[in-house]
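Colleague: Input: one structure, supplied below.
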Amino acid sequence: MTGPDGSERFVQKHDFVLPRLCATAAFIVAGFALAGCDKPASQAAAPPPAPVTVAQPVKRTVTDWDEFTGRFDAVEEVQVRPRVGGFVNTVEFQDGAIVHQGDLLYVIDPRPFEAVALQADGQLSDARAKVELAKRELDRGLNLVQTSAVSEQVVDQRRQALQAAHAAETQAEGALKAAKLNIEFTHVAAPITGRVSRHLVSPGNLVQGSDNGSSTLLTSIVTLDPIYIYFDMDETTFIKYSKLWFEGRRPSSRDTANPVQVTLAGETKPSHDGAINFLDNRLDVSTGTLRSRAVVKNTDLSILPGQFGRVRLIGSAPYEALLIPDAAVATDQSRKIVFVVKPDDTVEARTVVLGPLDDGLRVIREGLKADDRVIVNGIQRARVGAKVAPHMAQAPAGGKS
């Protein structure tokens, strides 16, 4: 190439050659890179099977328990009311304490009743004196009638006077007993043994007394040991129990004190035992439930009337069942499933029908066999159809066999 000055220029020729060489080299390098990308994917290392822990279901005899919500109530409850009126002198108990039958609770001013008793005692003495006089007059009349000194009519009158004197004596004795009873009633005692509430009337206040329930409420006492728990049984459960009774597979709670187990609020397992002792004679038409009652031991007095509790009642006859840890059960929408390792160590999802919990294990009614290997640990690593590395659990799948 000739420049403006007529000289040859070779630099421009080299400027065209160098880019071509660089492009060729880049093409060759890209070819090698593409050749490296064409290696088969099968040459990559496959991940090892996921390790899981498996166990066979535990087989044992179990009994189903139905659970209800109940409320505790006292076996006996007494509202303490005075039988005589008057001013309260003293309160003889500590609020909320345990009192025993016969313990003194209140003292009402007894002086008005003592005065009435003294008057009744005087009337009784007068009546007895009149009885003695009537007896002597009758005896004299009986002697005189033999000599005709008095007539038979006079003797009859004196006999009637003696009978009237005896009647007056009896009335006076009754009045005196009533007066003494009123004196006793001024000392209000605990009618039962139990825990007393707070005092509702303080000393110096006037209380009304009667035997018809209109008297002043002083306090209340409830028994604590044993204690009742009331619960409502739904109609479906009642029909199930009736069917089991007709089939001879479960005793009726009307005839047999079927055992119950009670779990208190905040507890995870039953802490008190009891027995059914009452079923109502009809279902509640508004709720369709049957009121039921169990009596529970409360020796430590830890349960108070009004508390809630969960009542477990025998709901079936004993039967053979398969059980697995409850943690081995998974949920797939509306289904309950467990993961089973097949003989070729692949995972299968098995739909199961669950029963109740028994000693920490879940009863499986349908879907498992005794020799199935159920994944109990490592469920999150199991994939349906994938191989796993199963390891048998060191102990049975929880609980006792």
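Colleague: Does Thr268 satisfy being surrounded by 15 or more Cβ atoms within 10 Å (Cβ to Cβ) and over 30 Å from Val201 (Cβ atoms)?
Modeller: no
Colleague: From Phe238, Phe185, which residue is surrounded by 14 or more Cβ atoms within 10 Å (Cβ to Cβ) and under 35 Å from the mean Cα position of the chain (by Cα)?
Modeller: Among Phe238, Phe185, only Phe238 is surrounded by 14 or more Cβ atoms within 10 Å (Cβ to Cβ) and under 35 Å from the mean Cα position of the chain (by Cα).
Colleague: Next question. Taking into account only those residues within the stretch 175-202 that are in contact (Cβ under 8 Å) with a residue 60 or more places away in the chain and in a helix (DSSP H, G or I), which is nearest to Val78 (Cα to Cα)? Break it down stepwise before answering.
Modeller: Initially, the stretch 175-202 is screened for residues in contact (Cβ under 8 Å) with a residue 60 or more places away in the chain, giving 179-180, 182-183, 185-199, 201-202.
Keeping just the survivors that are in a helix (DSSP H, G or I) gives 179-180, 182-183, 185.
On the way: Ala179: 25, Lys180: 24, Asn182: 21, Ile183: 22, Phe185: 16 Å.
By that ranking, first place goes to Phe185.
Colleague: Spot the failing condition for Phe231; the list is (1) open to solvent by less than 50 Å² (accessible area, probe 1.4 Å); (2) in contact with a Leu (Cβ under 8 Å, 6 or more places away or on another chain); (3) in a strand (DSSP E or B); (4) within 23 Å of Ser316 (Cα to Cα), and only one is missed.
Modeller: Going through (1) open to solvent by less than 50 Å² (accessible area, probe 1.4 Å); (2) in contact with a Leu (Cβ under 8 Å, 6 or more places away or on another chain); (3) in a strand (DSSP E or B); (4) within 23 Å of Ser316 (Cα to Cα) one by one, Phe231 breaks only (2).
Colleague: Being in contact with a Ser or Thr (Cβ under 8 Å, 6 or more places away or on another chain), under 12 Å from Pro57 (Cβ atoms) and not in a strand (DSSP E or B) is the filter here; which residues of the stretch 362-383 pass it?
Modeller: Gly367
Colleague: Follow-up question, since we're still on this one. Among the residues that make up the stretch 284-295, is at least one of them in contact with a Lys or Arg (Cβ under 9 Å, 6 or more places away or on another chain) and assigned to a loop (DSSP other than H, G, I, E, B)?
Modeller: yes
Colleague: Among the numbered conditions (1) more than 29 Å from Gly248 (Cα to Cα); (2) in contact with a strand residue (DSSP E or B) (Cβ under 6 Å, 6 or more places away or on another chain); (3) open to solvent by 50 Å² or more (accessible area, probe 1.4 Å), tell me where Asp300 comes up short.
Modeller: So the condition that Asp300 fails would be (2).
Colleague: Just one of the numbered conditions (1) open to solvent by 80 Å² or more (accessible area, probe 1.4 Å); (2) outside any helix (DSSP H, G or I) is not true of Val107; which one?
Modeller: (1)
Colleague: Before we move on, is Ser286 free of Cβ contacts under 8 Å to residues at least 40 places away in the same chain, over 30 Å from Arg373 (Cα atoms) and more than 20 Å from the chain's Cα centre (by Cα)?
Modeller: For Ser286, the condition - free of Cβ contacts under 8 Å to residues at least 40 places away in the same chain, over 30 Å from Arg373 (Cα atoms) and more than 20 Å from the chain's Cα centre (by Cα) - is met.
Colleague: Looking at the structure I just gave you, is Ala386 under 20 Å from Pro57 (Cβ atoms), surrounded by fewer than 17 Cβ atoms within 10 Å (Cβ to Cβ) and at pLDDT below 90?
Modeller: no
Colleague: Now for a separate question. Is it the case that Leu313 is surrounded by 15 or more Cβ atoms within 10 Å (Cβ to Cβ) and among the aliphatic types (A, V, I, L, M)?
Modeller: yes
Colleague: Sort out which residues of the stretch 348-368 are without any contact (Cβ under 8 Å) to a residue 60 or more places away in the chain and farther than 13 Å from Ala327 by Cα, and write them in order of number. Before the answer, list the steps.
Modeller: Step one: filter the stretch 348-368 for residues without any contact (Cβ under 8 Å) to a residue 60 or more places away in the chain, giving 348-354, 357, 359-360, 362, 365-367.
Across the stretch 348-368, the qualifying residues are Glu348, Ala349, Arg350, Thr351, Val352, Val353, Asp359, Arg365, Glu366, Gly367.
Colleague: Kindly evaluate Val347 against the criterion of being open to solvent by 30 Å² or more (accessible area, probe 1.4 Å), at pLDDT 90 or above and among the aliphatic types (A, V, I, L, M). Break it down stepwise before answering.
Modeller: Details: open to solvent by 30 Å² or more (accessible area, probe 1.4 Å): no; at pLDDT 90 or above: yes; among the aliphatic types (A, V, I, L, M): yes.
No: the conditions fail for Val347.
Colleague: Among Ala161, Ala165, Ala117, Ala172, which is touching a residue at least 60 places away in the same chain (Cβ under 8 Å), surrounded by 15 or more Cβ atoms within 10 Å (Cβ to Cβ), of a type in the set (A, V, I, L, M) and part of a helix (DSSP H, G or I)? Talk me through it step by step, then tell me what you get.
Modeller: Numbers: Ala161 fails: touching a residue at least 60 places away in the same chain (Cβ under 8 Å); Ala165 fails: touching a residue at least 60 places away in the same chain (Cβ under 8 Å); Ala172 fails: touching a residue at least 60 places away in the same chain (Cβ under 8 Å).
None of the others qualify; the one that does is Ala117.
Colleague: Residue under question is Ala190, and the condition is that it be surrounded by 14 or more Cβ atoms within 10 Å (Cβ to Cβ) and under 23 Å from Val116 (Cα atoms); does it hold?
Modeller: No; evaluated as a whole, the condition is false for this residue.
Colleague: A follow-up question, please. Please work out which one of (1) closer than 30 Å to Ala190 by Cβ; (2) at pLDDT below 95 is the condition Leu105 fails and give its number.
Modeller: Of the numbered conditions (1) closer than 30 Å to Ala190 by Cβ; (2) at pLDDT below 95, the odd one out for Leu105 is (2).
The values are calculated or read from the model by the stated rules, or taken from the named source; none is laboratory data. Everything numeric here is computed off the predicted structure, so don't read it as measured data. Cβ atoms come from the backbone with ideal geometry, glycine included; neighbour counts cover every protein chain shown. These area figures cover heavy atoms from the full protein model, side chains too; ligands, DNA and RNA do not enter into them. Shrake-Rupley method; radii C 1.70, N 1.55, O 1.52, S 1.80 Å.
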